[in-house]
Amino acid sequence: MIIKHYDDIFPFNKETYSFLREGLLDEDKVLDVACATGTYAIALQKDGMNLCGLDIDDNMIRRAEEKAEEAFVNPDFVVSSMLNLDLVSDGDLRRIYSISNALVQLKSLEEIQTFLSLSFELLKDGGDLIIRIFNYDRILDHKIDKLPSL
């Protein structure tokens with residue numbers, strides 16, 4: 001299973017963290033969509049933000065909770081689909097981010113529209129949504145063997 005090697009395959013990246021952290025203030029509410037093992041959610045919580053991470057894989061969430069306990073923080077990790085954001089947050093979010101290429105896992109344009117609509121409904125005025133998507137066709141076609149930092 002990928003869970004055993006997830007953090008080795010996708011290690012913490014300082015540049016990614018700085019990008020995600022930019023503009024956030026202590027106590028800002030942040031939602032990590034498809035948080036996997038919670039690496040960035042835990043780091044942001046350690047820096048004073050209020051974090052919720054969600055992932056559809058309960059093994060990933062269990063690992064995220066273990067890592068949070070080891071780091072002496074307590075982000076709220078929830079097993080949930082990214083189409084159920086309204087069940088994991090009551091809104092007033094400063095930032096929602098999904099950097100794990102999760103958007104491409106949605107099955108239709110309607111599901112993508114649902115995710116985007118829910119995201120914008122949960123963001124407070126001035127809040128932002130960050131989404132990272134990899135174009136695997138381009139990567140394979142051009143034989144790209146290293147991706148740039150976020």
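Sites count as exposed loop sites when they are trypsin sites (Lys or Arg not before Pro), lie in a DSSP loop, and have at most 11 other Cβ atoms within 10 angstrom; the longest stretch of the chain without one is 1-106. Between the C-alpha center of segment 2-61 and that of segment 71-108 there is a gap of 10 Å.
With a ≥ b ≥ c the root eigenvalues of the C-alpha gyration tensor of segment 23-71, is it rounded (a/c under 1.5), prolate (a/b larger than b/c) or oblate? Here segment 23-71 falls in the oblate category.
Note on Leu25 and His5: the extension gain reaches 4.0 nm, defined as 0.36 nm multiplied by sequence separation minus the Cα-Cα distance. The length gained by stretching the chain between Lys143 and Asn84 to full extension, at 0.36 nm per residue less their Cα-Cα distance, is 17.6 nm. Over the chain, dividing the summed -39,500 (n - 2.57) contributions of all DSSP H runs of at least 4 residues by the number of residues returns a 222 nm mean residue ellipticity of -10500 deg cm²/dmol.
Largest GNM mean-square fluctuation across Asp26, Asp55, Asp128, computed for the chain with C-alpha springs under 10 Å, falls on Asp26. Taking a ≥ b ≥ c as the square roots of the eigenvalues of the alpha-carbon gyration tensor, segment 39-98 is classed oblate because a/c is 1.5 or more while a/b is no larger than b/c. For segment 5-147, a/c is less than 1.5, where a ≥ b ≥ c are the root eigenvalues of the C-alpha gyration tensor. That puts it in the rounded class.
Rounded to the nearest 0.05, the FRET efficiency derived from the C-beta distance between Lys46 and Val104 at R0 = 35 Å is 0.75. Within the accessible area of the chain, the carbon and sulfur atoms contribute 51%, probe 1.4 Å, all protein chains present. Compute the FRET efficiency between Ser117 and Asp92 as 1/(1 + (r/R0)^6), taking r as their Cβ-Cβ distance and R0 = 30 Å, and round to the nearest 0.05. Taking R0 as 30 Å, the efficiency between Ser117 and Asp92 is 0.95. Once the 1.4 Å probe is applied to the protein heavy atoms, segment 14-100 comes out at 46 Å² accessible per residue.
When +1 charges are put on Lys and Arg Cβ atoms and -1 charges on Asp and Glu Cβ atoms, the dipole computed for the chain relative to its Cα centre reaches about 500 debye.
The values are calculated or read from the model by the stated rules, or taken from the named source; none is laboratory data. Everything numeric in this text was worked out from a predicted model, so none of it was measured. Because the Cβ atoms are built from the backbone with ideal geometry, glycine has one as well, and the counts that use them run over all protein chains shown. For accessibility, only protein heavy atoms count, side chains too; no ligands or nucleic acids. Shrake-Rupley method; radii C 1.70, N 1.55, O 1.52, S 1.80 Å.
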